[in-house]
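Chemist: One structure follows; several queries about it will come next.
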Amino acid sequence: MSSPVAAPSVKPPRPQAVLTVLETQWLSPHLVRVVAGGPGFRDLQDCDATDKYAKLLFAKPSLGLTPPYDLAALKHVLPAEDRPVKRTYTVRWLDAAAERLAIDFVVHGDAGIAGPWAAQASPGDPLVLMGPSGKWSPDPDADWHLFAGDDSALPAIAAGLEALPPAAVGHAYLEVDTAADVLPLAAPAGVALHWLTRDGRDPGTTTLLADAVAAGPWPEGRVDAFVHGERGAMKALRDILFRDRGLARSQVSLSGYWAYGREEDTFQAEKREPIGKILDD
């Protein structure tokens, strides 16, 4: 008699925290910070990682949906284009005692979903999220630190720089639109900040990051690298770090946050795994 086949386990849906927008602040012409909190903060599932990221849920206001959303049920009653959409964003900071968090959004006009929402968000608006999750924190045993990323990675890199010990050394390569988008980041004195400007070129169409890292200084010793941003740029940096510099995967946190010319839904369906696939492609 054959043994019964166990039914595949089904992951329960991740809990949703329904926060309330408390304030917004424009940090630069293309970056707006949304601070949110309220009673729903207690539904968050925090983690110890420096690079915290959350799944945000956005519903069409015209549908009048009330969060938290029953995503499974909505699949049966709404067409795909009307269901809440998920977007992944870094939690810039989280203050558990004050029950507040901040998320920074890149805004390029009316492109996308989350950016335009953040640009027009007002106190009292709901912010629905799941998480946060995360795996990366700076390696305390590294001899030096390397950061590289575009606008989308600025919040995570800023958090990473703040988490370094005062004596840390390294280099951070930061791609933004123009000099007006340069931010006053807090970093140890031994970490050099290299700002790279596109000067009107579209995000995701330059080789600024790869060129700068390839030509930049490479100190002696073991490096801990945090390299995140547009998928094409990350592939170029992958080759530099693993092929040219011979780094081990354990030394590198590398992920394509977005892909030029593709919405996140399409992009996430393509890559599925945020780190592994971009390394293997």
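Chemist: Looking at T90, is it of a type in the set (S, T, N, Q) and outside any loop (DSSP other than H, G, I, E, B)?
Modeler: Values: of a type in the set (S, T, N, Q): yes; outside any loop (DSSP other than H, G, I, E, B): yes.
Judged against the criteria, T90 is a match.
Chemist: Another question, then. In segment 251-269, what residues are more than 22 Å from L154 (Cα to Cα) and at pLDDT 50 or above? Reasoning before the result, please.
Modeler: Of all residues in segment 251-269, those more than 22 Å from L154 (Cα to Cα) come to 266, 269.
Answer for segment 251-269, where residues must be more than 22 Å from L154 (Cα to Cα) and at pLDDT 50 or above: just T266.
Chemist: Can you tell me which of D150, D139, D110, D143 is of a type outside the set (G, A, S) and either modelled with pLDDT under 95 or under 19 Å from Q16 (Cα atoms) (or both)?
Modeler: Details: D150 fails: either modelled with pLDDT under 95 or under 19 Å from Q16 (Cα atoms) (or both); D139 fails: either modelled with pLDDT under 95 or under 19 Å from Q16 (Cα atoms) (or both); D143 fails: either modelled with pLDDT under 95 or under 19 Å from Q16 (Cα atoms) (or both).
Result of the check over D150, D139, D110, D143: D110.
Chemist: Something else about it: Not basic (K, R) and not in a strand (DSSP E or B): is that true of A159 in this structure?
Modeler: Values: not basic (K, R): yes; not in a strand (DSSP E or B): yes.
When the stated conditions are applied, A159 passes them.
Chemist: Determine whether W195 is touching a Ser or Thr at 6+ places or on another chain (Cβ under 8 Å), in a strand (DSSP E or B) and under 26 Å from Y53 (Cα atoms).
Modeler: Here the answer is no, as W195 does not meet what is asked.
Chemist: Residues to consider are I275, I240; find the one that is at pLDDT below 95 and either touching a Cys at 6+ places or on another chain (Cβ under 6 Å) or surrounded by 16 or more Cβ atoms within 10 Å (Cβ to Cβ) (or both). Explain how you work it out, then say what you get.
Modeler: On the way: I240 fails: at pLDDT below 95.
Answer to the check: I275.
One line per residue, one yes/no per condition, for (1) open to solvent by less than 30 Å² (accessible area, probe 1.4 Å); (2) basic (K, R); (3) under 30 Å from R249 (Cα atoms); (4) part of a strand (DSSP E or B):
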position	(1), (2), (3), (4)
D48	no, no, yes, no
K55	no, yes, yes, yes
A73	no, no, no, no
L94	no, no, yes, yes
D110	no, no, no, no
G131	yes, no, yes, yes
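Chemist: How many of the residues making up segment 199-237 are touching a residue at least 60 places away in the same chain (Cβ under 8 Å), surrounded by fewer than 21 Cβ atoms within 10 Å (Cβ to Cβ) and either under 19 Å from the mean Cα position of the chain (by Cα) or part of a strand (DSSP E or B) (or both)?
Modeler: Residues meeting the conditions: 1.
Chemist: Still on this model: Out of all the residues in segment 75-89, which are within 21 Å of G261 (Cα to Cα) and either under 15 Å from the mean Cα position of the chain (by Cα) or surrounded by 11 or more Cβ atoms within 10 Å (Cβ to Cβ) (or both)?
Modeler: In the first step, residues of segment 75-89 are kept if they are within 21 Å of G261 (Cα to Cα); the result is 80-81, 85-89.
Of everything in segment 75-89, those that are within 21 Å of G261 (Cα to Cα) and either under 15 Å from the mean Cα position of the chain (by Cα) or surrounded by 11 or more Cβ atoms within 10 Å (Cβ to Cβ) (or both) turn out to be V85, K86, R87, T88, Y89.
Chemist: So, one more: Against the conditions (1) open to solvent by 40 Å² or more (accessible area, probe 1.4 Å); (2) not in a strand (DSSP E or B), where does L183 fall short? Just the number, please.
Modeler: (1)
Chemist: For L65, work out the one condition from (1) in contact with a Leu (Cβ under 7 Å, 6 or more places away or on another chain); (2) assigned to a loop (DSSP other than H, G, I, E, B); (3) open to solvent by 30 Å² or more (accessible area, probe 1.4 Å) it doesn't fulfil.
Modeler: Looking at each condition in turn, L65 falls short on (1).
Chemist: Filter segment 147-167 down to residues that are without any contact (Cβ under 8 Å) to a residue 40 or more places away in the chain and surrounded by fewer than 22 Cβ atoms within 10 Å (Cβ to Cβ), then give me how many there are.
Modeler: Pass one, segment 147-167, residues without any contact (Cβ under 8 Å) to a residue 40 or more places away in the chain: 161-162, 164-167.
Then keep just the ones that are surrounded by fewer than 22 Cβ atoms within 10 Å (Cβ to Cβ); that gives 162, 165-167.
Total satisfying the criteria: 4.
The values are calculated or read from the model by the stated rules, or taken from the named source; none is laboratory data. If you're wondering where the values come from, they're calculated on a predicted model, not measured in any experiment. Here the Cβ is made from the backbone with ideal geometry for all residues, glycine too, and neighbour counts use every protein chain on show. Calculation scope for accessible area: heavy atoms of the full protein, side chains included, ligands and nucleic acids excluded. Shrake-Rupley method; radii C 1.70, N 1.55, O 1.52, S 1.80 Å.
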